[in-house]
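Encoded as structure tokens, the structure appears first; notes follow it.
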Amino acid sequence: MTSTAPVTKQVGDFRITALQDGAMMGNIGLMPDFDEAKAQAYCDRMGVEFTRKRMTSVNCFVIEGPGGTVLVDTGSPPDFNKDAGKFPEAFAAAGFKPEDIDTLVLTHLHVDHWGNMLRREDGEPFFPRAEVVVTKSDYDFNHDDAIFAGLNEARQTAVTRARACCAPYTGRMRLVADDAEIMPGLTYVTMPGHTPGHSGVLIESGGEVLFIFADLAHAWFWQAPFPDWSVLYDLDQKQAAASRRKALARIVENGWPCAGMHTPFPGWCRVEPDGDAWRIIPEI
Ligand SMILES: [Zn+2]
């Protein structure tokens, strides 16, 4: 997908740079409650062709501001899919070096977000100086052996890998409460369900705002008009749907411009109300 939108945005004192880790295929089969008749009727109303698959992006964001240089998420590892895993190249091409990052903020501990915390060549931390911030709720979920024992094999594999990414950062991880302030101007907005501590990052400076809504919508085209259509990756699909509704309403109520990890690159978008639901409109 080609974009003409600028990859940087100024939000008060913060300069935000979007980085593309790559692409990801969205498939309606990932949403167990997908209703094809409703979907078709929606497409007819919108004048858009119905498609079962839609290519979307894996995005990360660098925030440069008064509190230093912050990276939000790290993209995916090389085995995630053949079209992604390009974070190291995108990061370098944007002029950043690993030692530039003062703070790594994770929206949650999933593979396409922790994927480049470690260097591919030697498994050492990719970011030699960064403090790593994550919600305590997400960290604890991934580090509790009793919870681990109850997970299916695929989730156990994912948690084992998440633990391996966190371990070398021991001593420089900051676990924070849901909805906590990360630093002046940056605040987590926790939207549990996708994972227990899944959180967006609200950037506020000089009267300007940008809400990085993380994985609020994996299928941006479908999940705002049909917020109850959660994806198989959601740990608690009902809770994810409730969080999605609450966050979409809050975004519209406050008129927050947004950025998504899985909205078309560079990820910038806005949310509009549509009857008793919403629409996500990518800025591309
Ligand atoms: Zn994701």
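Throughout, read-outs are computed from the coordinates displayed, never taken from laboratory work. The model shown is predicted, which means the values in this text are computed figures rather than measured ones. When we count neighbours, we look across all protein chains shown, and the Cβ atoms used for this are built from the backbone with ideal geometry, even at glycine.
Seen from Leu202, the other residues with C-beta closer than 11 Å to its C-beta sum to a net charge of -2, counting Lys and Arg as +1 and Asp and Glu as -1.
Taken along the Cα-to-beta-carbon direction at a fixed 7 Å, the label points for Cys43 and Asp79 span 3.5 nm. Sorted on the mean count of surrounding Cβ atoms within 10 Å across their residues, most packed first, peptides 11-19, 119-127 read 11-19, 119-127. Within the chain, all pairs of alpha-carbon atoms sorted by distance into 10 Å bins from zero give the percentages 7, 30, 38, 20, 4, 0. Residues whose amide H lies under 5 Å from that of Thr56, counting only those 5 or more places away or on a different chain, are Met24, Met25, Gly26; hydrogens are built 1.01 Å from N in the peptide plane. For the residues Gln237, Gln156, Gln20, a GNM of the chain with alpha-carbon springs under 10 Å puts the largest fluctuation on Gln156. Ranked by the mean number of other Cβ atoms within 10 Å of their residues, highest first, the peptides 84-95, 107-118 fall in the order 107-118, 84-95. Under 5 Å from the amide H of Ala259 lie the amide H atoms of Phe211, Ile212, Phe213, Cys269, each residue being 5 or more positions distant or on a separate chain, with H modelled from the backbone and absent for Pro and chain starts.
In this Cβ point-charge picture (+1 for Lys and Arg, -1 for Asp and Glu), the chain has a dipole of about 300 debye about its Cα centre. Loop-resident GluC sites (Glu not before Pro) (DSSP state other than H, G, I, E or B) in region 1-78 with no more than 11 further Cβ atoms inside 10 Å of their Cβ: Glu49. Helices in the chain, meaning DSSP H runs of at least 4 residues, each add -39500 (n - 2.57). Divided by all residues, the mean residue ellipticity at 222 nm is -7000 deg cm²/dmol.
Full extension of the chain between Glu99 and Val252 gives 51.4 nm of extra length, using 0.36 nm per residue less the Cα-Cα distance. Between the residues Gly68, Gln10, Gln20, the greatest Cα displacement towards the positive end of the dipole of region 8-282, with unit charges on the Cβ of Lys, Arg, Asp and Glu, is found for Gln20.
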